[in-house]
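Below is one structure, written out as structure tokens; the observations come after it.
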Amino acid sequence: MKLIKSFRGLRPTRDLAADIASHPYDVLSREEAFALATDNPLSFLHVNKPEVDVAPEVSPYDPSVYAKGRENLDKFIEQGALVRDKKDSLYVYQQVMGNHTQTGIVAVASVDAYEADLIRKHEFTRPDKEDDRVQHMDALGAQVGPVFVTYQAQTRINALIAELVLNDPEYDFQAEDRTHHTFWIVQDDEIISFIESAINDLGCLYVADGHHRSAAASRVRTFFRDRNPDHTGDESYNFFLVVLFPHDQMQILDYNRIIKDFGDKTTQEFLEELADSFDVKPLENASKAKPVAPQQFGLYTENQWFRLELHELRRTEINEGDPVSSLDVSILQDTILGPILDIHDQRTDKRVDFVGGVRGLEELERRVDSGQWQAAIALYPTSIGSLMSVADAGEIMPPKSTWFEPKLKSGLIVHVLD
């Protein structure tokens, strides 16, 4: 079964790309998005987070919000800010963040392959978030945020991409976070055929980030198919927008936790219970608090950092053959959150929240020192190999197991559903 193919992308003119490119819709609050979009009428936030253009009291899930997104997308097209390519193309998208470089292929992926689990998942979706993306895609008649996909790295694909990025790019700019974004168009039929064949020969792909968008694309395909009496399966709505990166270029950062309270326990009682499973070592400062290996955690509470090392006996109890229970996020749940703090569902329990590692340990300290949270727990990052093993086993990772950086910009490419 075909996994990916080329498509006619709708994208910015060369001179406007840097102004249009925006954060993904799900990494900004409404207030943050409003602040960024207000002074930039070209910001793609007007399309992918259109609540910035309606009254604050209007729910972001109100039908008028999605209608505003469609209106703004149409306006971008009418003004000539976005132009659709005349022929099916692939695209190369490179991001440089500090010392890290990742180079991906922009394509559309098959909904049939997704539903057949040839594009594998590792997360559950939340119904409200999935419904939001369904309504957004359906109203706009387009997918405006790419799904972040990975695949087992292939030497022949890497070699070709290395040649393609020697050509002059279509877009080349540095974003406000100092991440560099470079974008090339691939329209040579032989090269397109080679890339499509090489990817389609892999057998499977993996959703890294974008489970709500991919699930929504499957549901939206059903809407479009049911409305089309002449459906053939080749229409653009049978595919969804992706950027594919080789697994060995993926950068996963730590995804840390902050804890509202210790329940009815004092800090001393909490530390004593931790000692049943961990060696608890006080640290002089944060410089040694960041975990450097699996099964190691950092704890911050009452202006003090601790290193938590799992006892050897507890290590032997972990089933290393189980790709889920051997994850550090599972060990955290099974040794601390559940048995000590009575937090059993991290998705719904308001006593726990999540902080991406890109913000550093300083953000954990700031949140705890504010007095609104009692403790923070720093984790070692989940590996891409673990993610793929979980997906291959048909299992689901615990919530908020991975934080990918850098994030893909929205607005550099749109997949029109027609």
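Nothing in this text is a laboratory measurement; each read-out follows from the coordinates by a stated rule. These numbers come from a predicted model, not from an experiment. Don't worry about glycine lacking a Cβ; one is built from the backbone with ideal geometry, like all the others, and counts go over all protein chains shown.
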| note | Here the net charge surrounding VAL242, from other residues whose Cβ is less than 12 Å away from its Cβ (Lys, Arg +1; Asp, Glu -1), is +1
| message | Please compute, for the alpha-carbon atoms of the range 19-167, the extent along each of the three principal axes and give them in descending order in Å. | response | 52, 36, 35
| query | Taking neighbour Cβ counts within 10 Å as the exposure measure, how do ARG30, ARG314 sort from fewest upward? | reply | ARG30, ARG314
| query | From a point 7 Å beyond the Cα of ASP88 in the direction of its Cβ, which residues of the range 107-147 have a backbone N at a distance under 16 Å? | reply | 107-113
| query | Going by average Cβ neighbours within 10 Å, how do the peptides 35-42, 72-79 rank, with the highest at the top? | reply | 72-79, 35-42
| query | In units of 2.2 N^0.38 Å, what is the alpha-carbon radius of gyration of the range 1-103? | reply | 1.23
| note | Final fewest-first order of LYS407, LYS49 on the 10 Å Cβ neighbour count is LYS407, LYS49
| With N residues in the range 255-380, what two-decimal value do you get for its Cα radius of gyration over 2.2 N^0.38 Å? | 0.98
| said: Ratio of alpha-carbon Rg to the 2.2 N^0.38 Å globular estimate for the chain, to two decimals, please. | reply: 1.03
| message | If packing is taken as the average count of other Cβ atoms within 10 Å, what order do 262-275, 376-389 fall into, highest mean first? | response | 376-389, 262-275
| task | Arrange SER214, SER6 by Cβ neighbour counts within 10 Å, fewest through most, would you? | result | SER6, SER214
